[in-house]
Amino acid sequence: ASCFLLHFRSPLATPLIFGLLLQAPVTQLSITQPNFVLLLADDLGIGDVGCYGNDTIRTPNIDRLAKEGVKLTQHIAAAPLCTPSRAAFLTGRYPLRSGMDAINDYRVIFWNAGSGGLPPNETTFAKILQQQGYTTGLIGKWHQGVNCESRNDHCHHPLKHGFDYFYGMPFTLISDCQPTETPEMDRAFRTKLWLSTQMIGLVTLTAVLGRLTGLISVPWKTLTCLAGFSLLFFISWFSSYGFVRYWNCIMMRNHGITEQPMVTDRTTSLVLRESISFIERNKHKPFLLFLSFLHSHTPLLTTEKFLGRSRHGLYGDNVEEMDWMVGQVLDAIDKEGLEDTTLVYFASDHGGWLERREGERQLGGWNGIYKGGKAMGGWEGGIRVPGIFRWPGVLPAGTVIDEPTSLMDIYPTVVHLAGGAVPQDRVMDGRDLLPLLLGTVAHSEHEFLFHYCGVHLHAVRWHQRDTGAVWKAHYVTPTFSPPGAGACYDRGFCPCFGEGVTHHEPPLLFELSQDPSEAKPLSADTEPLFDAVIRKIGRAIEEHRRTLTPVPEQLSVSNVVWKPWLQPCCGTFPFCWCDKEGDN
């Protein structure tokens with residue numbers, strides 16, 4: 001191997017160098033600052049990937065990453081939904097520490113024109129790498145908010161959080177972005193609003209007809225007020241929900257809007273083109289590329305070349321196209337001769353969405369042997385995700401690690417490799433994974449992981465290192481509907497609190513190394529250590545809660561609602577429309 005000059009400014013430098021030098025067959029290895037390519041899928045289930053057991057969806061490029069690198073089998077998202085999980089990924093902290101988890105049913109950013117988002121005082125790994133001389137780019141999905149007080153303050157924008165370049169959606173894909181699909185956003189609430197409008201209109205019309213026929217005596221002034229109220233009620237909600245595609249389905253380059261609404265037929269090609277271009281532009285200096293896929297979230301944007309290719313309908317087609325995109329990015333890295341100096345990471349933000357279907361079409365992912373899925377804060381299917389690292393010549397190829405790890409661990413791992421230091425003025429929940437990936441340590445640093453649904457603690461995992469046991473206690477679980485269905489099909493999402501959950505006292509206890517599907521809860525009668533384990537986890541919860549401090553709730557109703565004065569607009573509001581990609 002060629003010699004490089006080592007630039008580590010971390011206190012972990014000495015043991016890290018020693019660990020690296022032990023790795024065969026590299027005889028002499030040193031590192032400057034490696035490039036980072038972080039690939040994050042959207043709503044991808046762990047059971048959707050070949051190297052995690054799927055033999056019917058073809059993912060040869062993701063499988064290649066696992067073959068050439070390290071596969072984590074117990075990689076855990078900090079939340080079962082997009083916004084809070086990604087906030088934790090970016091900050092290395094549980095999302096409730098930054099106010100990015102919800103106390104209500106609005107558990108994600110709902111509008112580009114909401115005022116909530118990743119707070120400016122949070123320090124992302126991109127910001128630290130930027131300070132270390134890296135060029136940082138985010139391509140794809142953001143979903144961490146845009147504005148705070150005015151249409152262009154961009155206080156939550158990626159460029160305010162350490163990224164030098166941004167191309168993609170400030171929001172997230174939803175079926176409303178595809179005119180041919182059934183609207184998805186707030187579907188039940190919109191139905192109630194429409195029914196209420198019809199009822200108010202019917203009352204108004206009945207009163208007018210009664211007045212004209214003399215059947216009832218209602219002053220015209222009252223009827224005028226009633227008609228005005230009906231119109232205002234309709235306008236008040238239709239001005240937001242009637243234009244979801246224009247308000248939320250937009251594409252941006254840095255601070256400027258390029259498409260409003262987005263042209264979905266070309267989104268995939270543009271995201272891939274931007275990703276490869278970023279690598280080519282920055283090949284001569286350290287860079288961080290965070291490719292945040294729009295795949296495999298509904299409406300499952302899939303180009304014609306991949307339609308009908310899989311054995312799992314549109315969802316399978318979409319996953320196979322994403323895998324092809326992964327291959328194109330890897331080819332770009334290899335073409336530029338960067339494979340040995342680039343750490344590639346692949347994961348999903350949370351588990352697959354079991355309830356997402358239209359008629360007979362299943363549009364959500366599969367979580368393999370694991371119970372539950374997206375939106376379920378405790379069950380493994382909602383939070384256990386693929387996790388793969390590749391760094392040729394440094395990480396041992398073909399390695400499988402069955403230790404508890406977290407998406408939050410990416411933060412300290414990349415920061416230390418870049419020569420930076422994690423913030424010391426706040427609680428950090430992520431742990432540096434490099435010693436585990438290199439094999440210089442046998443166990444993960446995570447003794448406990450806390451599994452939240454919104455701000456509600458649903459379950460806790462305890463890794464008992466001396467025995468290898470992984471205990472998991474569920475204090476709250478969603479009530480599946482219909483009963484025994486394995487998901488909340490009647491609701492569309494499983495809730496975190498209220499009538500849709502069941503509280504357990506004593507908690508449900510599983511030993512995941514023996515029962516990964518969480519099929520057989522243990523009890524004091526069947527498990528001699530039951531009481532001791534529950535006490536141990538209870539003490540850990542008390543200690544964990546002492547580290548929490550009150551912060552502003554970014555997903556409060558007042559922050560989540562649509563505010564016309566915050567709406568990003570390409571034009572003069574409300575006439576927001578442009579297609580700058582088409583113009584080019």
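Laid out as a table, the results:
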| read-out | value |
| --- | --- |
| Selected residue (criterion: least open to solvent (accessible area, probe 1.4 Å)) from residues of the range 423-477 that are farther than 27 Å from Gly500 by Cβ and hydroxyl-bearing (Ser, Thr, Tyr) | Ser444 |
| Answer from Glu321, Glu355 - the residue that is in the same structural domain as Gly162 (by the TED database) and open to solvent by 10 Å² or more (accessible area, probe 1.4 Å) | Glu355 |
| Residues located in the range 522-533, provided they are surrounded by fewer than 16 Cβ atoms within 10 Å (Cβ to Cβ) and either assigned by the TED database to the domain that holds His156 or not in a loop (DSSP other than H, G, I, E, B) (or both) | Asp531, Ala532 |
| Filter result for Gly99 (at pLDDT 95 or above, assigned to a strand (DSSP E or B) and at positive phi) | no |
| Yes/no for Thr222 being in contact with a Phe, Trp or Tyr (Cβ under 7 Å, 6 or more places away or on another chain) and either more than 30 Å from Asp43 (Cβ to Cβ) or of a type in the set (Phe, Trp, Tyr) (or both) | no |
| Among (1) open to solvent by 40 Å² or more (accessible area, probe 1.4 Å); (2) within 29 Å of Gly116 (Cβ to Cβ), the one test that Glu505 misses | (2) |
| Set Phe575, Phe480, Phe497: member being open to solvent by 80 Å² or more (accessible area, probe 1.4 Å), among the aromatic types (Phe, Trp, Tyr) and free of Cβ contacts under 8 Å to residues at least 60 places away in the same chain | Phe575 |
| Filtered residues of the range 179-200 (kept if at pLDDT 85 or above and either over 44 Å from the mean Cα position of the chain (by Cα) or crowded, with 16+ Cβ neighbours inside 10 Å (or both)) | Thr197, Ile200 |
| Within the range 121-178, tally of residues that are out of contact with any Ser or Thr (no Cβ under 8 Å at 6 or more places or on another chain), in a loop (DSSP other than H, G, I, E, B), of a type in the set (A, V, I, L, M, F, W, C) and open to solvent by 10 Å² or more (accessible area, probe 1.4 Å) | 1 |
| Some residue of the range 383-393 being more than 18 Å from Lys141 (Cβ to Cβ), in contact with a strand residue (DSSP E or B) (Cβ under 9 Å, 6 or more places away or on another chain), in a helix (DSSP H, G or I) and among the charged types (D, E, K, R) | no |
| Members of the range 99-124 that are under 16 Å from the mean Cα position of the chain (by Cα) and more than 29 Å from Arg245 (Cα to Cα) | Thr124 |
| Test: residue in the range 191-212 that is of a type outside the set (A, V, I, L, M, F, W, C), out of contact with any helix residue (DSSP H, G or I) (no Cβ under 7 Å at 6 or more places or on another chain) and in contact (Cβ under 8 Å) with a residue 12 or more places away in the chain | yes |
| Any hit, the range 544-551, residues being out of contact with any Ser or Thr (no Cβ under 6 Å at 6 or more places or on another chain), surrounded by 13 or more Cβ atoms within 10 Å (Cβ to Cβ) and in contact (Cβ under 8 Å) with a residue 40 or more places away in the chain | yes |
| Yes/no for Val415 being part of a helix (DSSP H, G or I), within 21 Å of the chain's Cα centre (by Cα) and crowded, with 20+ Cβ neighbours inside 10 Å | yes |
| In the range 366-380, residue surrounded by the fewest Cβ atoms within 10 Å (Cβ to Cβ) [restricted to those that are out of contact with any helix residue (DSSP H, G or I) (no Cβ under 8 Å at 6 or more places or on another chain) and not charged (D, E, K, R)] | Trp379 |
| Among residues of the range 80-92, those that are in a loop (DSSP other than H, G, I, E, B) and closer than 14 Å to Gly352 by Cα, counted | 2 |
| Cross-chain or 6+ apart pairs with Cβ under 8 Å, the range 46-58 first and in the same structural domain as Val400 (by the TED database) and free of Cβ contacts under 8 Å to residues at least 40 places away in the same chain, then open to solvent by 10 Å² or more (accessible area, probe 1.4 Å) and outside any loop (DSSP other than H, G, I, E, B) | Gly50/Pro60; Gly50/Asp63 |
| Helices (runs of 4 or more DSSP H) wholly inside the range 210-293 that include at least 1 residues being more than 29 Å from the chain's Cα centre (by Cα) | 220-241 |
| Sole residue being touching a Cys at 6+ places or on another chain (Cβ under 7 Å), surrounded by 20 or more Cβ atoms within 10 Å (Cβ to Cβ) and under 19 Å from Trp366 (Cα atoms), chosen from Ile62, Ile46 | Ile62 |
| Subset of the range 218-258 [closer than 25 Å to Cys578 by Cα, modelled with pLDDT under 90 and open to solvent by 20 Å² or more (accessible area, probe 1.4 Å)] | Ile235, Ser236, Trp237, Phe238, Ser239, Tyr241, Gly242 |
| Yes/no for Arg356 being at pLDDT below 95 and at negative phi | yes |
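A quick yes/no check of all residues on (1) assigned to a loop (DSSP other than H, G, I, E, B); (2) of a type in the set (Ser, Thr, Tyr); (3) in contact with a Leu (Cβ under 7 Å, 6 or more places away or on another chain); (4) within 29 Å of Ala442 (Cβ to Cβ):
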| site | (1), (2), (3), (4) |
| --- | --- |
| Leu39 | no, no, yes, yes |
| Asp43 | yes, no, no, no |
| Gly47 | no, no, no, yes |
| Asp55 | yes, no, no, no |
| Arg58 | yes, no, no, no |
| Ile62 | no, no, no, yes |
| Leu65 | no, no, no, yes |
| Gln74 | no, no, no, yes |
| Ala78 | yes, no, yes, yes |
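Conditions tested, residue by residue: (1) on the phi > 0 side of the Ramachandran plot; (2) of a type in the set (Phe, Trp, Tyr); (3) out of contact with any Leu (no Cβ under 8 Å at 6 or more places or on another chain).
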position	(1), (2), (3)
Thr502	no, no, yes
Pro507	no, no, yes
Pro528	no, no, yes
Arg539	no, no, yes
Arg546	no, no, yes
Val561	no, no, yes
Trp565	no, yes, yes
Gly571	yes, no, yes
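Results for (1) assigned to a strand (DSSP E or B); (2) in the same structural domain as Trp353 (by the TED database); (3) of a type outside the set (Val, Ile, Thr); (4) more than 20 Å from the chain's Cα centre (by Cα), shown as yes or no for each residue.
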{"residue": "Val427", "(1), (2), (3), (4)": "no, yes, no, yes"}
{"residue": "Leu457", "(1), (2), (3), (4)": "yes, no, yes, no"}
{"residue": "Val476", "(1), (2), (3), (4)": "yes, no, no, yes"}
{"residue": "Arg491", "(1), (2), (3), (4)": "no, no, yes, yes"}
{"residue": "Thr502", "(1), (2), (3), (4)": "yes, no, no, yes"}
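The values are calculated or read from the model by the stated rules, or taken from the named source; none is laboratory data. None of these values were measured; they are calculated from a predicted model. For neighbour counting, all protein chains shown are included, and Cβ atoms are generated from backbone atoms with ideal geometry for every residue, glycine included. For accessibility, only protein heavy atoms count, side chains too; no ligands or nucleic acids. Shrake-Rupley method; radii C 1.70, N 1.55, O 1.52, S 1.80 Å.
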